[in-house]
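**Student:** Submitted below is the structure of interest, expressed as structure tokens.
Only the coordinates and a few stated rules stand behind these numbers; no lab work does. Treat the numbers as computed from the prediction; the structure is a model and nothing was measured.
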């Protein structure tokens, strides 16, 4: 499966939650995806630590572009059906990196696992994430 053109990914994400949070896709396709996000004040909860929703947005975006890159021929898109995250740590500064891997890529669903790390500690995940994506087909194609 071909890799996604990063410039096209950035264009597609313009003026969305992805660009608002500063999520930068680094790679997507062939069952993998990678993204990065610089932690700023907008990513923090009122307690001063990283907001769990910021981490979930990074991981879901990373898996989503991985799904998009690997859609079956003829599919028109996808949507997240289910997601789960386990948060193991936090951060207040620096960059987060997410790596995602497809566990199942079928005609109607894809399942992806992702790990989120700080760039300073790439050996220690701060979050584990899994999502199921529903592949969307044009009406009447089934």
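**Student:** Per DSSP H run of at least 4 residues, take -39500 (n - 2.57); add these up for the chain, divide by its residues and hand me the 222 nm value, nearest 500 deg cm²/dmol. Walk me through the intermediate numbers first.
**Tutor:** Values: 3 runs with 30 residues, N = 142.
Only helices count here, giving -6000 deg cm²/dmol.
**Student:** Could you let me know the centre-to-centre spacing of region 1-44 and region 86-130, using Cα atoms, in angstrom?
**Tutor:** The two parts, judged by their Cα centres, are 14 Å apart.
**Student:** So, one more: Would you mind getting the Kirkwood hydrodynamic radius of region 91-137 from its Cα pairs, rounded to one decimal in Å? Present the calculation step by step, with values, prior to reporting the outcome.
**Tutor:** Details: mean 1/r = 0.0839 Å⁻¹.
Over region 91-137, the inverse of the mean reciprocal pair distance is 11.9 Å.
**Student:** Return the single residue from 119, 11, 30 with maximal mean-square fluctuation; model: Gaussian network over the chain, springs between Cα atoms under 10 Å.
**Tutor:** Among 119, 11, 30, the largest mean-square fluctuation in the Gaussian network model of the chain belongs to 11.
**Student:** Of the residues 49, 129, 117, which exhibits the maximal mean-square fluctuation in a Gaussian network model of the chain defined by a 10 Å Cα contact cut-off?
**Tutor:** Answer for the Gaussian network model of the chain: 49.
**Student:** How large are Rg and Dmax for the chain when only the alpha carbon atoms are used, in Å?
**Tutor:** Final numbers for Rg and Dmax: 15.0, 50 Å.
**Student:** Let me ask another. If you build a Gaussian network model of the chain, linking Cα atoms that sit under 10 Å apart, which residue out of 28, 102, 81 swings the most?
**Tutor:** 81
**Student:** Helix 52-69 versus the longest principal axis of the chain: what angle, 0 to 90°, nearest 10, using Cα atoms?
**Tutor:** Tilt of helix 52-69: around 30 degrees.
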